[in-house]
There are 6 protein chains.
Amino acid sequence: MRVVVSVGGSVLAPDLAHERVEQYADVIDQLVDAGCSVGVVVGGGGVARDYIKTARDLGANEIELDDIGISVTRLNAQLLIAALGDDAAPSPAESYEEAGEAIRRGDVAIMGGVTAGQTTDAVSAALAEYTNADLLVYATSVPGVFSADPKTDDSAERYDRITPGELVDAIADIEMSAGSSAPVDLLAAKLIERSRVRAIVLDGTEPTAVLDAVLRGEHDGTDIVP
Amino acid sequence: MRVVVSVGGSVLAPDLAHERVEQYADVIDQLVDAGCSVGVVVGGGGVARDYIKTARDLGANEIELDDIGISVTRLNAQLLIAALGDDAAPSPAESYEEAGEAIRRGDVAIMGGVTAGQTTDAVSAALAEYTNADLLVYATSVPGVFSADPKTDDSAERYDRITPGELVDAIADIEMSAGSSAPVDLLAAKLIERSRVRAIVLDGTEPTAVLDAVLRGEHDGTDIVP
Amino acid sequence: MRVVVSVGGSVLAPDLAHERVEQYADVIDQLVDAGCSVGVVVGGGGVARDYIKTARDLGANEIELDDIGISVTRLNAQLLIAALGDDAAPSPAESYEEAGEAIRRGDVAIMGGVTAGQTTDAVSAALAEYTNADLLVYATSVPGVFSADPKTDDSAERYDRITPGELVDAIADIEMSAGSSAPVDLLAAKLIERSRVRAIVLDGTEPTAVLDAVLRGEHDGTDIVP
Amino acid sequence: MRVVVSVGGSVLAPDLAHERVEQYADVIDQLVDAGCSVGVVVGGGGVARDYIKTARDLGANEIELDDIGISVTRLNAQLLIAALGDDAAPSPAESYEEAGEAIRRGDVAIMGGVTAGQTTDAVSAALAEYTNADLLVYATSVPGVFSADPKTDDSAERYDRITPGELVDAIADIEMSAGSSAPVDLLAAKLIERSRVRAIVLDGTEPTAVLDAVLRGEHDGTDIVP
Amino acid sequence: MRVVVSVGGSVLAPDLAHERVEQYADVIDQLVDAGCSVGVVVGGGGVARDYIKTARDLGANEIELDDIGISVTRLNAQLLIAALGDDAAPSPAESYEEAGEAIRRGDVAIMGGVTAGQTTDAVSAALAEYTNADLLVYATSVPGVFSADPKTDDSAERYDRITPGELVDAIADIEMSAGSSAPVDLLAAKLIERSRVRAIVLDGTEPTAVLDAVLRGEHDGTDIVP
Amino acid sequence: MRVVVSVGGSVLAPDLAHERVEQYADVIDQLVDAGCSVGVVVGGGGVARDYIKTARDLGANEIELDDIGISVTRLNAQLLIAALGDDAAPSPAESYEEAGEAIRRGDVAIMGGVTAGQTTDAVSAALAEYTNADLLVYATSVPGVFSADPKTDDSAERYDRITPGELVDAIADIEMSAGSSAPVDLLAAKLIERSRVRAIVLDGTEPTAVLDAVLRGEHDGTDIVP
């Protein structure tokens, strides 16, 4: 089984604490031991936000801010690589080809962002598409896809299971509401729709949730099933 | 004045005929002579569609198809570079940094696609954002942004002037309708909204229309004004 | 047994039809199943000729035309890679080192042109030399090496078996005649002479001819035996 | 006059605050306006220390830690590039050749670390050597070269002026004392000795100190004069 | 006037002596002062022969030997770059694009070999073609093109002026004779024929001969005139 | 067992003779057969000294001289690669990541220098550190670490066994004496101290000495044991 796991930067290393990174490395090792081939895409988190804020104050444009964010995602990827040791390709992959090549060799491929104008949400979907993954798991800080932003709308309900088309509609609605943030962005949703990959959005603050979702199909998030 | 021009592959070289490429090279030369610094993003057109169809029949996944499309956009970029001669950087830029560097040196920068999951529409908007362009012109095969797809809906009306936010809404509506094609895609619209660059969508089958739009502000397309 | 197969672009994908590409992929799979390690060099064909004609009309010099041709050979290589799926390295190799590395890893290596001033004929011979191949097969649109150009000279006779030195002489004679085209070019012939690799030139419009030649030593083309 | 300025990460952006970065950008602009060609090498600072601590806890070896540190130095370099805008080459140089090329073109070159096993102290000295700089300024958190570590030894005296050979001896002595930290490391000192470049070590917490030192020869640090 | 100068390795630095390299640097400086834009291609010479002999004894194949030869040509190019200082691009160009880009910027471009299967003779002709040079000068150890190999055939006569077609014939004849060496190889001759660049083959042991040939049209070698 | 072997250029190929290279290839093959994974770092030797002398006479600065030296180390690495054939990665690794990747794949990794300001002594120590090697062997032209330079000081005594800290002190003392040369340089000693890798310095003019040291722990050099 081929799995791509997308881990937000703040989910992977809140305050750069090493414990969570170790837990994720342990989860990935167990996936490998269970016979999975694994690609991981790591986000930027709080360090990215700090650098981007400073760079914006210094007059950087949005593409330069994206580039700075990508640099931080790769730093975070280096942490996960350090924790995985010999199981992972030793440098963050900078393209889908490089990640796919590592997976073909039998390594765990770790990557961050790829290019400006694409979040790591979209990179995760593209990597799943490129490697013909069986499953794509988003380990985020919100526990699934909601009918609205749960932080701002009490009536927001979590979907247990939706189609990729419904995901695109739900995300489009959320993105149109000022100030809301979606668990994955619209480009990612459209790539998921295009590739028809099965996906799960779940709360990643407890890393073993990923393990349960992948190996046992059990989770409290949202299933996206074509 | 810094201008980014986005030229569809079929607009640049229908049937690979050299005449249209020459006309575009001539338009770009006149922009340079008028003191503009210019970046150009070239699309894939019919050759890309032919290769993508064949590759899809051969079992390629969507990211591989994107990669093939990107290869064709760069081939088309090589044609425009050949026509421009010493005014253009001699190879298609493969990143925003490379294109921006060429423009800083005083060259015309020509590029095609950058990475899978992004059309050349989005690349154009990102290049405009990265280079802090004053104007972004989409030379497409449809004469502007419409309230619906003009090919399939007789009541579709062309907008003369809209805001970036309205552009995002209009494109989102069109993309949600099965079978419709928008003049620029949603990711591009969102990048335009984010960067607040002034943009024009116009019919590029007559290349001088780009010249009139940039130098004299005259065109029959849609103005996107923040 | 290590084999390098050189497939002309028009032989691989006449009119970009996918059927022939599939047949070639099937032949390569059978070679791999029979225990061969395989490198393939793909030519540019009709699409290359179309782009080169347009670029020449636009004033490109010969090296720029070579570069455009190389871009098309790599596009064609991407088609064959798509058809081969996981058996092939996922991107066209751009150097002999990269191709050799893929073959050492157990992948089928697919490449197009390498640098201006060298045809894919010569690239094929160089790849055979670099990888110490046991056999080099040219799958061309003419059924072997002739004493003259069979298209223009009725008395042209096909050689069944010649030495590399005789190949060089034959090719040199053909290249000196205005308007004639040789099945492989002179640089390729000289590389074959230098490396003393066994080679076969045969009609590749029926892909299984390559299979018969490699696995059973049966073909209707020309054997080049040091 | 060609100047290389080495700025510690904590000196450039304590707590990632943008004000100090802006001040350094302003100082560099004034150097350029005064006719200097300028290369800047940026260190890793507190963010580097945080990431390195986490990675060490995760089991990274020293070279991997160096690589993580280098990634952070380049992030910091991106901040300074954002502040400098069009005066600086748009990406951090990753080699002396790339930095030297930018300087030859008339850009300010900004770089971070280059390779494991070399601090940015040494990179600064090597860049000065490679570009035949007239002056190398270390803007550090200690106000010069001392006879011992001033943080731990009350009798430590600052040298006003020493030779490169004396610098090497002083640094070697400090490095031999457990727990002490030198203002520049021994490899840097040896490169300074080898290249015979004039150098100044000064307190960089007030960025205009660099300006006074370069343009007016006035500073409260240590002059290293061959 | 744009000139490409091809200098054999043994012509540039017999026994690695620096005097000849300085003389060539001086000649190139004078060409630049006279308003020429200049590209130089450097060969491998005696060091290349020594390394190739050793590598052949160690079992390297011909492509590996070519690669070793290319490495030495780049080493020799580094010597000429050192002698030229700020007039030359600081690293040997590794492709025609890179060399052409340096020349467009106003630098002298220095390169060695490019890829296996091509001598620096052919690289020189290709660089002249790519940069649309007005003149290509081969500074070799033999004083022109002869009717046969002057070292082995007393009746060999030097041609004062021949056409590119005659050059191809003459070189083909020489190459067919076992043991003979031509002043330029056949691939180079064919590229000269294809590009129709004016070329001169002359004795380069006296570097000022290149100056006289380029600036005053005076030389004792062979003119190749389309 | 993972071993990094550092071989001086003059030790590997005195006068470019192939016999010694063959012996070293044979030793490496025996290490591989005994189950070791092996990385080798090759120095520049006499050819490097010759090129550096010429380049210094031509006005090159120290970094340019380092770069020329690095080019020669890679040439020498190509010789050892040729001798090893299919056991070695086919090109010299240019970074620790590339070398580590080759070793992970099961190849012998061969590299030369990496960047200016670092000798191959230091590269060897860094490669050992990066790959978590069990043992680092310096095959040099002096038979161990001495209390002084044995060439100039008759009272110099070879240490049989020292700690990394003592190594640093010993090397620092030798480097401070004008005209003396240490068996490994100070940066290398400090990296050994930092990584706590076990190391051996021995006379490499008889290649089998490396074999005895690695496989049987027998040698006449100096053991460095943390």
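Computed from the coordinates by the stated procedures, all read-outs in this text should not be read as laboratory data. Just so it is clear, the structure is predicted and the values come from calculations on it, not from any experiment. Ideal geometry is used to build each Cβ from the backbone, glycine not excepted, and the neighbour counts take in all protein chains shown.
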- Message: So for each of F:85-96, A:150-161 I average, over its residues, the number of other beta carbons within 10 Å; can you give me the resulting order with the highest mean first?
- Response: F:85-96, A:150-161
- Query: Near the amide H of F:Arg2, under 5 Å away, which other amide H atoms are found, from residues 5 or more places off or on another chain, if H is placed in the peptide plane?
  - Reply: F:Ser37, F:Asp134, F:Leu135
- Task: Report, in debye and to the nearest 20, how large the dipole of the protein assembly as shown comes out about its Cα centre when Lys and Arg carry +1 and Asp and Glu carry -1 on their Cβ.
- Result: 0 debye
- Over all distinct alpha-carbon pairs, what is the Kirkwood Rh of the range B:52-128 in angstrom? 13.1 Å
- Peptide A:67-80 - average C-beta neighbours from other chains (10 Å radius): 4
- Query: Hey, for F:Asp26 with labels 7 Å out along Cα-Cβ, what do the inter-copy distances come to in nm, ordered shortest first?
  - Reply: 5.1, 5.2, 5.2, 7.1, 7.4
- Item | Other-copy label distances relative to A:Lys53, 7 angstrom Cα-Cβ extension, nm | 2.0, 5.3, 6.2, 6.2, 6.9
- In whole Å, what three semi-axes, largest first, describe the equivalent ellipsoid of the range A:16-79 built from its Cα gyration tensor (square root of 5 times each eigenvalue)? 31, 12, 6
- Normalised convex hull volume, the range C:156-208, alpha-carbon set, Å³ per residue: 102 Å³
- Linear extension gain, E:Asp173 paired with E:Arg105, 0.36 nm per residue minus alpha-carbon span: 20.4 nm
- Item | Cα centroid of the range E:23-37 to Cα centroid of the range F:203-217, whole Å | 53 Å
- Using alpha-carbon positions, what is the distance between the centroids of the range C:106-178 and the range F:83-161, in Å? 45 Å
- Spelling it out for E:Val41: with amide H atoms placed in the peptide plane at 1.01 Å from N, the residues 5 or more places away or on another chain with amide H under 5 Å from its amide H are E:Val5, E:Ser6, E:Val7, E:Met111
- Message: Could you derive backbone 3J(HN,Hα) for the range B:152-164 from the dihedral phi with the Karplus parameters 6.51, -1.76 and 1.60 (θ = phi - 60°), listing whole Hz in sequence and x where the residue is Gly or Pro?
- Response: 10, 9, 5, 7, 4, 10, 7, 7, 7, 8, 9, 8, x
- Message: How large is log10 of I(q)/I(0) for chain F at q = 0.10, 0.11 Å⁻¹ when the intensity is taken from the Debye formula with one equal scatterer per alpha-carbon?
- Response: -0.40, -0.49
- Query: Taking the label point as lying 7 angstrom from Cα along the Cα-to-Cβ axis, what are the distances from A:Asp86 to the corresponding position in the remaining copies, in ascending order and in nanometres?
  - Reply: 2.4, 2.4, 5.3, 5.5, 5.9
- Query: For the residue pair D:Glu166 and D:Asp134, what label-to-label distance in nm results when each label sits 7 Å from Cα along the Cα-to-beta-carbon direction?
  - Reply: 2.4 nm
- Query: Using only helices, what value at 222 nm comes out for the protein assembly as shown when you add -39,500 (n - 2.57) per DSSP H run of length 4 or more and divide by the total residues, to the nearest 500 deg cm²/dmol?
  - Reply: -14500 deg cm²/dmol
- Message: If the only charges are +1 at each Lys and Arg Cβ and -1 at each Asp and Glu Cβ, what is the size of the charge dipole of chain E around the Cα centre, to the nearest 20 debye?
- Response: 340 debye
- Query: What is the residue of chain A with the smallest Cβ distance to the axis taking A onto B, and what is that distance in whole Å?
  - Reply: A:Thr115, 2
- Charge dipole (the range D:1-135, unit charges on Cβ, about Cα centre) - positive-most of D:Val32, D:Leu12, D:Leu58: D:Leu58
- For the range C:196-211, Karplus couplings with θ = phi - 60° (6.51, -1.76, 1.60), whole Hz, Gly/Pro x: 6, 7, 6, 9, 9, 10, 9, 6, x, 5, 10, x, 5, 4, 5, 4
- Cα-based Rg (one decimal) and Dmax (whole number) for the range A:112-168, in Å? 13.5, 38
- Calculate one ³J(HN,Hα) per residue across the range A:214-226 by plugging θ = phi - 60° into the Karplus curve 6.51 cos²θ - 1.76 cosθ + 1.60, and present them in order as whole Hz with x for glycine and proline. 6, 7, 10, x, 10, 6, 9, x, 10, 8, 10, 10, x
- Task: Jot down the per residue volume, in cubic angstrom and as a whole number, of the convex hull over the alpha-carbon atoms of the protein assembly as shown.
- Result: 176 Å³
